[in-house]
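*Asks:* Dropping a structure here in structure tokens format, bear with me for questions.
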Amino acid sequence: MGIWFPNNVHPSNRVDQLASDIEHLQSQIEQDIEQARNYDERAIAYLDKILKARGFKTLDDLIAEAESKLRKEDRDKYCHMKNIVQHLDDDIKLALNVGSGLMGLGAISGLSAAALGLLCCRQLVMVGFRMIAIGLIRLISGQAETGSEILKAAASIFSEVLKGDALVGKAATAFKVLKVFGKVLAILGILIDAETLIWDVEETKQRDQLQKATKELCVSRLQIKMTQKYARVTMFFSSDAKATLDYTNELQELVDSGVMTQAKVNQKVDDKINKWIPKLKQSIDAVTEKSTYDDLKKFDTNRNSWTNEDPDYDCIIDKLKSIKDSN
């Protein structure tokens with residue numbers, strides 16, 4: 001921990017607390033990514049059954065059906081995203097395949113071009129969120145090159161492919177690894193450019209280090225908390241996707257047994273997806289800097305944290321904007 005001067009005890013405890021918060025959030029992100037992957041693997045299994053029952057040989061054939069029914073603008077976004085993702089992490093490709101398979105299901109169930117476009121854009125945002133979360137975890141797990149590549153790709157997608165839909169992710173390209181009190185953390189490198197914090201033995205310099213660390217960690221904690229929200233949103237998306245495909249598979253079995261017509265099944269699936277699309281937008285729009293800051297502030301208040309030297313919301317946002325503007 002280090003030897004602290006009396007006036008530096010509260011600041012040092014706050015730095016340790018913020019570092020622990022980030023470490024815990026990173027752990028939650030990793031767990032959510034793993035759970036989402038499990039949902040995606042099960043969703044792919046359902047998709048395989050459905051597409052074969054509907055006369056498609058492969059998932060690519062089903063996805064091609066969806067692509068053919070997308071409006072040009074939406075199809076261009078999708079193809080650009082697909083080209084980027086093909087060279088990245090297998091879990092990211094898996095997530096895109098699940099979302100793309102859902103598009104295919106919507107296409108053969110009669111989903112309108114407008115609704116199909118909305119589903120396409122929403123699922124691309126979800127994949128972008130997943131990329132930020134996975135890139136972060138790869139970074140802190142020692143896969144620095146892979147993590148940085150994924151985060152840069154995510155930033156490119158949100159600025160080039162999804163502009164106007166969700167302008168997030170640019171700050172993620174600034175993530176670097178820092179060791180604070182033995183904890184391996186992802187920070188944004190705003191004020192601190194080092195791999196390990198070594199505390200000065202002179203009181204004034206030590207206090208200056210702690211103040212910079214507090215500001216650095218507060219800004220980074222906000223971005224990590226947002227990333228954790230991204231991971232949680234994508235996990236719920238994967239869960240809902242699996243449930244939708246499970247539901248469709250059960251209906252398809254009724255068609256095979258002669259209990260229900262294909263037209264009736266298509267209508268039920270179309271209705272289910274149409275009702276789901278607005279919920280996707282709500283979950284995406286709910287992840288904002290302000291709501292995240294308010295959540296963290298309430299969390300600190302409830303545990304009586306010492307926050308005398310924490311930067312306020314405007315200061316944190318200014319720092320985040322400065323990162324975004326420089327990328």
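The values are calculated or read from the model by the stated rules, or taken from the named source; none is laboratory data. A quick note: this is a predicted structure, and the numbers were derived from the prediction, not measured. Neighbour counts are summed over all protein chains in view; Cβ atoms, including those assigned to glycine, are modelled from backbone coordinates with ideal geometry. All accessible areas refer to the heavy atoms of the entire protein, side chains included, with ligands and DNA or RNA removed. Shrake-Rupley method; radii C 1.70, N 1.55, O 1.52, S 1.80 Å.
*Asks:* Taking 8 Å as the Cα distance limit and 6 or more residues as the minimum spacing, I'd like the relative contact order of the chain as a percentage. Walk me through the numbers before you get to the answer.
*Replies:* Working: 412 pairs, mean separation 85.4, N = 327.
In percent, rounded to a whole number, it is 26.
*Asks:* As I understand it, the dipole of the chain uses +1 on the Cβ of Lys and Arg and -1 on the Cβ of Asp and Glu, about the Cα centre. Which of Ala115, Gly128, Val85 lies farthest toward its positive end?
*Replies:* Farthest towards the positive end: Ala115.
*Asks:* I've got another one for you. Among the aspartates and glutamates, select those whose C-alpha is under 14 Å from the C-alpha of Lys183, and discard any that sit fewer than 8 residues away in the same chain.
*Replies:* By straight Cα distance, Lys183 reaches Asp16, Asp21, Glu23, Glu195.
*Asks:* Go through 256-263, 48-55 and give me the packing order, highest mean Cβ count within 10 Å leading.
*Replies:* On the way: 256-263: 11.1, 48-55: 16.8.
Result, highest mean first: 48-55, 256-263.
*Asks:* Identify the trypsin sites (Lys or Arg not before Pro) of the range 71-133 meeting these criteria: DSSP loop state and at most 14 other C-beta atoms within 10 Å of the C-beta.
*Replies:* Here the sparse-neighbourhood loop sites are Arg71.
*Asks:* Can you compute 3J(HN,Hα) from phi for each residue in the range 267-278, using the Karplus curve 6.51 cos²θ - 1.76 cosθ + 1.60 with θ = phi - 60°, rounded to whole Hz and x for Gly and Pro?
*Replies:* 5, 5, 5, 4, 4, 5, 5, 4, 6, 7, 4, x
*Asks:* A further question on this structure: What number, in percent, do you get for the relative contact order of the range 1-140 if the mean sequence gap of Cα pairs under 8 Å and at least 6 apart is divided by its residue count? Let's see the in-between values first.
*Replies:* Working: 89 pairs, mean separation 40.6, N = 140.
29 percent.
*Asks:* Roughly to the nearest percent, how much of the accessible area of the chain is carbon and sulfur, given a 1.4 Å probe? Each step should come with its number before you reach the end.
*Replies:* Working: 7170 of 14790 Å².
Answer for the chain: carbon and sulfur cover 48 percent of the accessible area.
*Asks:* What stretch of the chain, leaving out the sites themselves, is the longest with no GluC sites (Glu not before Pro) in a DSSP loop having at most 11 other Cβ atoms within 10 Å? Each step should come with its number before you reach the end.
*Replies:* Numbers: sites that count: Glu195, Glu202.
Longest gap between qualifying sites, sites excluded: 1-194.
*Asks:* Could you tell me which residue out of Leu51, Ser305, Ala186 lies farthest along the dipole of the chain toward its positive end? Charges go on the beta carbon: Lys and Arg +1, Asp and Glu -1, centred on the Cα centre.
*Replies:* Leu51
*Asks:* Then there is this: With axes computed from alpha carbons, what is the tilt in degrees of helix 144-156 against the longest principal axis of the chain, rounded to the nearest 10 within 0 to 90?
*Replies:* 60
*Asks:* Taking amide H atoms as placed 1.01 Å from N in the peptide plane, list the residues 5 or more away in sequence, or in a different chain, whose amide H sits under 5 Å from that of Gly189.
*Replies:* Lys176
*Asks:* Please list, in order along the range 290-303, the HN-Hα scalar couplings obtained from phi with the Karplus expression 6.51 cos²θ - 1.76 cosθ + 1.60 (θ = phi - 60°), rounded to whole Hz, x for Gly and Pro.
*Replies:* Those phi angles translate into 5, 5, 5, 4, 4, 4, 5, 5, 5, 4, 5, 5, 5, 9 Hz.
*Asks:* Another one. Cα-based Rg (one decimal) and Dmax (whole number) for the chain, in Å?
*Replies:* Taking only Cα atoms of the chain, I get Rg and Dmax of 22.6, 82 Å.
*Asks:* Okay, moving on. Can you give me the long-range amide H partners of Val180? Hydrogens built in the peptide plane at 1.01 Å from N, cutoff under 5 Å, separation of 5 or more residues or another chain.
*Replies:* Leu185
*Asks:* In debye to the nearest 20, how big a dipole does the range 8-319 give about its Cα centre with +1 on each Lys and Arg Cβ and -1 on each Asp and Glu Cβ? Don't skip to the answer; put the middle values down first.
*Replies:* Numbers: 43 positive and 47 negative charges, 162 e Å.
The calculation lands at about 780 debye.
*Asks:* Just from its helices, what would the mean residue ellipticity at 222 nm be for the chain, if runs of 4 or more DSSP H residues each count -39500 (n - 2.57) and the sum is divided by every residue, rounded to the nearest 500 deg cm²/dmol?
*Replies:* Details: 10 runs with 236 residues, N = 327.
That calculation yields -25500 deg cm²/dmol at 222 nm.
*Asks:* For the range 177-183, in order, what is each residue's ³J(HN,Hα) by Karplus, 6.51 cos²θ - 1.76 cosθ + 1.60 with θ = phi - 60°, in whole Hz (x at glycine and Pro)?
*Replies:* Rounded to whole hertz, the list is 9, 9, 9, 10, 6, x, 9.
*Asks:* Same structure, new question: Roughly how many Å² is the accessible area per residue of the chain, as a whole number, for a 1.4 Å probe? Numbers along the way, then the final one.
*Replies:* Numbers: 14790 Å² over 327 residues.
Ligands and nucleic acids excluded, the result is 45 Å² per residue.
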